[in-house]
1. Wholly within segment B:292-339, which strands (runs of 3 or more DSSP E) include no fewer than the required count, namely at least 2 residues that are in the same structural domain as B:D387 (by TED's automatic domain parsing) and under 19 Å from B:N396 (Cα atoms)?
2. Quick test of your reading of the structure: B:I934 fulfils all but one of (1) crowded, with 19+ Cβ neighbours inside 10 Å; (2) of a type outside the set (D, E); (3) more than 41 Å from the chain's Cα centre (by Cα). Name the failing condition by number.
3. Which residues, taken from segment B:423-459, are more than 23 Å from B:S490 (Cβ to Cβ) and basic (K, R)?
4. Go through segment B:241-270 residue by residue and tally those that are touching a strand residue (DSSP E or B) at 6+ places or on another chain (Cβ under 6 Å) and assigned to a helix (DSSP H, G or I).
5. Within segment B:708-749, work out how many residues are assigned to a loop (DSSP other than H, G, I, E, B) and touching a residue at least 40 places away in the same chain (Cβ under 8 Å).
6. Would you check if A:I105 is under 22 Å from the mean Cα position of the chain (by Cα), more than 13 Å from every other protein chain (Cβ to nearest Cβ) and assigned to a helix (DSSP H, G or I)?
7. In this structure, does A:V248 turn out to be modelled with pLDDT of 90 or more, buried (at least 24 other Cβ atoms within 10 Å of the Cβ) and out of contact with any Phe, Trp or Tyr (no Cβ under 9 Å at 6 or more places or on another chain)?
8. Could you list, in sequence order, all residues of segment A:176-208 that are surrounded by 15 or more Cβ atoms within 10 Å (Cβ to Cβ) and in a loop (DSSP other than H, G, I, E, B)?
Amino acid sequence: MDLKTSYMGLELRNPLVASASPLSEDVANIKRLEDAGAAAVVMFSLFEEQIRYEEEAMTHLTSYGAESFGEALSYFPEVEDFQFGAEQYLDLIRRARDAVDIPVIASLNGLTNEGWIDYAKRMEEAGASAIELNVFYIPANIETTGREVEERYVEILRRVKGAVAIPVALKLSPFFSAFGNMARRLDEAGADALVLFNRFYQPDFDIDRLEVSLSLGLSEPSEIRLPLTWIALLHGRVRASLAATRGVHSATEIIKYVMAGADAVMTTSALLKNGISYAGRLLHDVEEWMEARGYASIEQMKGSMSEQNVADPTAFKRGNYIRILEQYKSAYMA
Amino acid sequence: MTAKRVTLDGNEAAASIAYRTNEVCVIYPITPSSPMGEHADQWASEGRENVWGCVPAVVEMQSEAGAAGAVHGSLQTGALSTTFTASQGLLLMIPNMYKIAGELTATVFHVAARSLAAQALSIFGDHSDVMATRSTGWAMLASSSVQEAHDLALIAQASSLESRLPFIHFFDGFRTSHEINKLDFLSDEDIRAMIPDPLVIAHRGRGLTPDRPVMRGSAQNPDVYFQARETVNPFYTQAPEIVQNVMERFADLTGRRYRLFDYFGDPEAERVVVLMGSGVETLRETVEHLNTRGDSVGVMQVRLYRPFSPSQFLKAVPDTVKAVAVLDRTKEPGATGEPLYQDVVAAFSEKRANGSLLGDSIPRVIGGRYGLSSKEFTPAMAKAVLDELAREQPKNHFTVGIRDDLSDTSLEYDPDFDVESEHTVRAVFYGLGADGTVGANKNSIKIIGEDDNIFAQGYFVYDSKKSGSRTVSHLRFGPQPIRSPYLIRSANFVACHQFGFLERPDMLSHAADGATLLLNSPHQADSVWDQLPCAAQKTIIDKQIRLFIIDAYRVARENGMGTRINTVMQTCFFAISGVLPRDEAIAKIKEAVQKTYGNKGEDVVRRNFEAIDQTLENLHQVVVASTVTSDRGVPEIVPATAPQFVRDVTAMMMAGRGDELPTSRLPEDGTYPTGTTRWEKRRISMFAPIWEPDICIQCGNCGFVCPHSVIRTKLFNQSQLDSAPTGFRSAPLSGRGFPDTRYTLQVYAEDCTGCALCVEVCPASSKEKSGFRAINMAPLEPVLDEVREGLQYFESIPDNDRSRIDFSTVRGVQYLTPLFEFSGACAGCGETPYLKLISQLFGDRMIVANATGCSSIYGGNLPTTPWSMNSEGRGPAWSNSLFEDNAEFGLGFRLTADAHRALAKKLLLKLQGELGSELVNALLQSPQQEESQIREQRVRVSALKSKLETLDSDDARRLLSLSNQFVRRSVWIVGGDGWAYDIGYGGLDHVLASGRDVNVLVLDTEVYSNTGGQMSKATPLAAVAKFATSGKPIAKKDLALQAISYGNIYVARVAMGANPQQTLLALREAEAYPGPSLILAYSHCIAHGINMQHGLRQQKLAVDSGHWPLVRYNPTLREKGSNPFLLDSQPPRVALKKYAYNEIRYRMLTRTHPREAERLMALAQENLQVKWRVYEEMATRGDPSFHFTREE
């Protein structure tokens, strides 16, 4: 069975990619992901804001109370070389590249223009096979227009593309008025891949403590619907590779995504829930399913259910809505 | 070859030599010598090698006694070994010092000389400590400047190896140890040239080895001890010549020539002052100045004080001398004179006795004391001494620098006498500790010091308060090397980094005529003038001061730097002062910022750069008006209602005028009134908590945790509301049965430090606005008048009746008046809430023995102290003995109480006939467990006293003097982990084992907080501390389990932030337990590297993670047949790192040694689980297993 696929110019041995998660914080785990069958690893995101915050916190807290009281002019040993998040991240890339043969994709969540460019360059220098830009951005300012938000994405992409030679993917949220056009613009701006979709850390409320709480649960298989739709719609219409992420818990979701046209399928939740070795199980099940149905390769299956290839393309648009209503009627109103 | 020039402080200058010339550095932190050990530790952790290519072993011990023992051991086995110490630390080394000298062992101890604790502790500099060691047989070499601290460190090392005498190399604590100055740096090659290998090999060869077995340290008998003691004489005879020869070699190498006794001044002087240490520099300046005016005076610097060479001394004295004044920076009460004076007198008289001097040619010699505890020693004082020598009948045994109206020892001096060179730029900066002023100034000195043609000096005066502390930086720059080891009295540049400081009387007093004043002002250039206090306006006009302003807080804030205005103010200094060309200076500041913050992140650097650029745009010169327009006076230091002592004495110290207090005003035995912080409204926070009575559930949590006792509650009758001022807040008392009672919570807002722990702990929220609690921080200024009025009314409400309060709940305790209030501890301190709590519970019958450390500083450092008294005049009596002996000291309190009570009981029974058996029995049988019982006992004692006063017998008078002992006395032994786990551990262990009724409260911050974050045995595994830069590899000592092993000690581990009720319960049980009790109290600390506002949250996480399991071991339960071990917290339920990595002390390691951090954290997690299992097993053990006699 030929599971090979090409994702933004990277030759992958199969479409299963471990997406950004705490699993990639450790080289040993990255190695285990490779051993379990993952075709590539997206590292956890380097958050520029977090690095800045940590730098500030470290500066503030190590100097707090210093030079104020004659008996204690400082409270911590003087340390010459601190390794902040960035250095450790880059070091991890280096070590991961040495440890595994599969592509190691760095993930970057920038804050400032300089941050996006500078960190992307340093990731490339550290040996990242590609960079995934994790544009996590909530336009909370109600003066910001949709156009401005879109421009921001395009601008970030352009800058990073201008700074590095390795492939650059963009992980996106679905919250654009016209996502298809947005994808097109990013494609034209040089995106090597679009990763659909980002899961936001959405706040929750603790009603006993009257506090806003931050948490992110694992994804559910039902969450594949939105990415599935857009991958099916975009397949064949953009030059960029497409990666699906969200809701992959079994071979079924992988197969669906590939059929929609995904070049790579990413998962984290399933591995966090079932352990790293579960990747092997997923691939085995995909292979078994394909064998049972006589598929010879992933390429053969890729895009078979995309908008361009399905018998009734309207199913991806208004039709989907109609069909659900019809089903609803037939099930309960007969 | 030209020597490299660097700017260093004295500690680093000395440590740099010590480190490079030794193989072993064993240390224990003590101010002001701690930085020497810290530098050594840092260099070792960086892998720096000594001149022989080895990284010295740097080891922190449990005490200076331990350090001396370890040094003795490493010396005896042939390693080049050293230590750094001061004051009480040096005293603890004395026993070993006799041994080391007796065995003719080469070593140098570097001492930042400091006062000894007598009537009070002082961290400041004088020679009391080194003088206390002069009989040990050690050679003593005194440095007078930062350059000398560097050079003589090497000369001492070389001389010691050659002479085989151990050396104390000392320099003045703070004045030299902490002064930054420019010096010629000795290279490794210089050091190698000074210390020939054969000397090192010979030292090594004298070490003990089984290959050449010998024994040393025998016990000798009357037959030989005496003779053996005399065998060392030749070594002492030769030593001065050896030292001088080493100095000559040093001069050949470096061009800097030193002599055992160096004379400066007119070669034909008639008047000469003899002294050692930094004061020499002052005298040299003064002598030079006076001689240019035609005087004929001189100064003799003593460098080698021991062995004292009379012949060398006399040789150095000009033959023309008629009068000599010997200045000692120490006091030896009862002696015929201070030590150096006696040596000089002896030198002259021995010479006369030998017949080498004729009677008439002997100069008159007088002695005097100066500069104790870093008391300023200025050219004016030096001149006074020289003037005194010119008198016909000069005063002997004088003092200079103080006004002694008690014994009339002091010399008058003209404070306006000044010798400063007009070419020297003299700048004084008034800042807050928190705003980074000192750091920026140290930086400026380094920047300026890089210019080969400019010399620089910096000295920094710190506050005795740890929160809201003020710093004063004294910087000098000039074309000539700068000596002047005294504060600037006439500054041509004054920077005031806080607008409010202008209200201090001393702010502009040291500004020279025509000086420049740089003011951080929230007001604009066109409006600031009218905002200045009247006195400031007047001074500015009179002295023709040029005024510049900048709104530094705005510039800092706009560049994301919060309240760190250091870079902004530093830029202004360079822009205005003209010390360096402006552009060059700006470029260098940026360079320095890159160097300082580069390792901490690019963003921090960028923000600083932006702030620097914006500073110049925001710096404005103010057109000074020609007339005074303000009528704003400077507020009174203390109100007229304060007690007389506070008004006359304390207020002077508070105003920064303590130097003016004459001896007659000060208590002669160190006894001071308590409760003086209440007179000092420091208003250090711009924010204070505001109470919302409608939301409040009256739980008492906020007051419970307030580290500064600024939140108080009272109950009062509804009817009293009529006289309350408008805006006075109160609410009906929640709870049934008190319909007419109102509840009020008062914030002592001007005493608040703004830590916001109260807000963090408040459980009540507004239903309409999430996040708005029953207590919230708000700007103080707009509500200040209302708050003051409310406070005045609050204080008029009578205190709550203690006998009616429920002591067993947090809710009840809020009504007890704290007798520990408004301390100078850090904002949000984790220790003080515990002290406040015990003062509320037991304060009126409590006596406190306090180990030296943070708690003795915020608890006992003048001018104002927090231990207080109640409206009846009762409250904690407090004392600090030493660091190492606190448990023993407190045991002494108990022994007195027990002895006096026993005697009182005996007398009471003897007088039973006269007193009536009912009263006698009641007095002796009262259980005094509940507060109501204690109140009843007080009534009985009062009745007893009344009766005794009517009896005319010796027994009655004796009993009267003891009758207060019938009220159960609560003895508290308080200290930090440095004391309990390390230096005082042996004593603590012994006191716990004594079975006596003492209560030990260990305020466990898990690190030496007061001396700046050195590792203790309480420091947890995986945490970073000084001397554990790579993370502490060993787990924290379990002091609780050790104490529990005795079986009869009440032990508790508490954390107020995790379970305040358990804390309260444990403290009450401990106090009630009639034997020894030990309470280990988790105390969050700025040395943990946390936002102190989250201190309580961290306490909870410490417990939830299992790092700090809450336990109680109550022997009374065992007596009742139950399991005495109670585990009061849940099994670990969050990962240790969830707790630990909120703190810089742990997180730092993940950024310096990530893999090691991971390894140690895993180890710590594992260790914690194992410990938990032990606890769990103990808690679930069958009751009989805790009994001495088990019935199977």
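The values are calculated or read from the model by the stated rules, or taken from the named source; none is laboratory data. These numbers come from a predicted model, not from an experiment. Glycine gets a Cβ as well: all are built from the backbone with ideal geometry, and neighbour counts include every protein chain shown.
1. On the way: elements: B:297-302, B:304-306, B:323-328.
Answer list for segment B:292-339: B:297-302, B:323-328.
2. (3)
3. The one that is more than 23 Å from B:S490 (Cβ to Cβ) and basic (K, R): B:K446.
4. 1
5. Kept after step one, since they are assigned to a loop (DSSP other than H, G, I, E, B), are these residues of segment B:708-749: B:708-710, B:724-730, B:733-740, B:748.
Keeping just the survivors that are touching a residue at least 40 places away in the same chain (Cβ under 8 Å) gives B:708-710, B:724-725, B:727-729, B:748.
Number satisfying all stated conditions: 9.
6. Values: under 22 Å from the mean Cα position of the chain (by Cα): yes; more than 13 Å from every other protein chain (Cβ to nearest Cβ): yes; assigned to a helix (DSSP H, G or I): no.
No, not satisfied.
7. Working: modelled with pLDDT of 90 or more: yes; buried (at least 24 other Cβ atoms within 10 Å of the Cβ): yes; out of contact with any Phe, Trp or Tyr (no Cβ under 9 Å at 6 or more places or on another chain): no.
Considered against the rule, which asks whether it is modelled with pLDDT of 90 or more, buried (at least 24 other Cβ atoms within 10 Å of the Cβ) and out of contact with any Phe, Trp or Tyr (no Cβ under 9 Å at 6 or more places or on another chain), A:V248 comes out as no.
8. First, pick out the residues of segment A:176-208 that are surrounded by 15 or more Cβ atoms within 10 Å (Cβ to Cβ): A:176, A:179, A:182-187, A:189-199.
Those that are surrounded by 15 or more Cβ atoms within 10 Å (Cβ to Cβ) and in a loop (DSSP other than H, G, I, E, B): A:F176, A:A189, A:G190, A:A191, A:D192, A:F197, A:N198, A:R199.
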